[in-house]
Amino acid sequence: MNRIWGLNPLGYHLTSILLHAVNTFLVVLIAGRLLGPRPGEKGNAFPARYLSPAALITAGLLFGIHPLRVDSVAWNSACKDVLNGVFSLGCVLWYLR
């Protein structure tokens, strides 16, 4: 990425923030897969219909603001952790599908 951004730190931070947003979105999708209705199960039950969006938002927020994840976004040298998260969470989501 040195050829793209040079010595400008803004580009590195924007890249980390974008990758972190993708990771948070993948966590919400994974939580939706795990907490949603099972195949063959009717999704009209009262708790399942109203509990799932709140649980998805909570899962996304907890992952997004957790200090272990935010530290990787704040430091440019830890960009490899954020990029690794994209591929790891993508693989988990692919497995759940």
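Overview of values
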read-out	value
For a label point 7 Å along the Cα-to-beta-carbon line of ILE17, residues of region 72-97 with backbone N under 12 Å	74
Likely footprinting exposure, VAL70, VAL82, fewest C-beta neighbours within 10 Å first	VAL70, VAL82
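Bear in mind these aren't lab numbers, they're just calculated from the coordinates by the rules spelled out. Keep in mind that what you see is a predicted model, and the values were worked out from it rather than measured. Don't worry about glycine lacking a Cβ; one is built from the backbone with ideal geometry, like all the others, and counts go over all protein chains shown.
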